[in-house]
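To start, the structure under review is shown below, and the notes come after it.
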Amino acid sequence: DAKTTQPNSMESNEEEPVHLPCNHSTISGTDYIHWYRQLPSQGPEYVIHGLTSNVNNRMASLAIAEDRKSSTLILHRATLRDAAVYYCILRAADSSYKLIFGSGTRLLVRP
Amino acid sequence: EAQVTQNPRYLITVTGKKLTVTCSQNMNHEYMSWYRQDPGLGLRQIYYSMNVEVTDKGDVPEGYKVSRKEKRNFPLILESPSPNQTSLYFCASSSPRGTDTQYFGPGTRLTVL
């Protein structure tokens, strides 16, 4: 499975945008880019996923580089509730039900 | 509401005393799995199941058993727990496509003395 690289931690101020980067230079053509997050004392929860085009949903936006070797999760207005560990995960479309979690990025949101 | 439930949420037990952690999902998902989460090691898959009566080992299956007799339930069994199985356990489910969301339960914190 292709590997992802994320910064260990990031900080943001409340109500400001947050850009969480992820590098995946060995991504294959069939790998989808998924983001999950884990709030304190909770199980991971799905945030967003994409293949090639940028994606938006009610939680976040996902910007994917043209060469697909990197992506950025964008939280448009961070809230205190967004403080969590964010995981960038690659999944092949036709297999690999297992999610391979790296160490993720711990996001701290300052009030 | 779509959800994955686990019971118990917290459990303290002693070495060698058999225990079962239950997992149930209400989304009619074919795929279910168990992960454990440990500091510095992240989340690792223990066992998974592609459908009823179909189970397979994940990355760290030693010391664990599972069964999938019904689609909605996927219990994790520790026949003879040991202290190195002290961990935070998560159950997850999803439909078969690799692009689909996995839903996680709230976690079970297990301490084996």
If A:Met59 passes every condition in (1) in contact (Cβ under 8 Å) with a residue 60 or more places away in the chain; (2) in a loop (DSSP other than H, G, I, E, B) but one, which one does it miss? (1)
Which condition does A:Ile33 not pass, out of (1) under 28 Å from B:Arg109 (Cα atoms); (2) touching a Cys at 6+ places or on another chain (Cβ under 8 Å); (3) not basic (Lys, Arg), if it passes all the others? (1)
Can you find a residue in segment A:92-102 that is within 14 Å of another protein chain (Cβ to nearest Cβ), part of a strand (DSSP E or B) and modelled with pLDDT under 95? yes
When A:Ser103 is evaluated against the numbered criteria (1) among the hydroxyl-bearing types (Ser, Thr, Tyr); (2) within 30 Å of B:Ser49 (Cβ to Cβ); (3) in contact with a Phe, Trp or Tyr (Cβ under 7 Å, 6 or more places away or on another chain); (4) in contact (Cβ under 8 Å) with a residue 24 or more places away in the chain, which criterion, by number, is the only one it fails? (3)
From the list B:Tyr10, B:Tyr35, which residue is exposed (fewer than 15 other Cβ atoms within 10 Å of the Cβ), touching a Lys or Arg at 6+ places or on another chain (Cβ under 8 Å) and under 28 Å from A:Gly102 (Cβ atoms)? B:Tyr10
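Here's a check for you: in segment A:41-56, which residue that is within 11 Å of another protein chain (Cβ to nearest Cβ) and assigned to a loop (DSSP other than H, G, I, E, B) is farthest from A:Ala78 (Cα to Cα)? Give the steps one after another, and end with the answer.
First, pick out the residues of segment A:41-56 that are within 11 Å of another protein chain (Cβ to nearest Cβ): A:41-51.
Next cut, assigned to a loop (DSSP other than H, G, I, E, B) only: A:41-44, A:51.
Working: A:Ser41: 20, A:Gln42: 19, A:Gly43: 20, A:Pro44: 18, A:Leu51: 25 Å.
Per the stated criteria, the residue is A:Leu51.
A quick yes/no check of all residues on (1) surrounded by fewer than 16 Cβ atoms within 10 Å (Cβ to Cβ); (2) within 28 Å of A:Cys88 (Cβ to Cβ); (3) among the acidic types (Asp, Glu); (4) within 14 Å of chain A (Cβ to nearest Cβ):
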| residue | (1), (2), (3), (4) |
| --- | --- |
| B:Pro39 | yes, yes, no, yes |
| B:Arg44 | no, yes, no, yes |
| B:Met50 | yes, yes, no, yes |
| B:Val54 | yes, no, no, yes |
| B:Pro75 | no, no, no, no |
| B:Tyr89 | no, yes, no, yes |
| B:Ser94 | no, yes, no, yes |
List, please: which pairs have Cβ atoms under 8 Å, are six or more places apart or on different chains, and start with a residue in segment B:69-95 that is modelled with pLDDT under 95 and end with one that is charged (D, E, K, R)? B:Ser94/B:Asp100; B:Ser95/B:Glu30
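The values are calculated or read from the model by the stated rules, or taken from the named source; none is laboratory data. Since this is a predicted model, take the numbers as computed values, not measurements. Backbone-built Cβ (ideal geometry, glycine too); neighbour counts: all protein chains shown.
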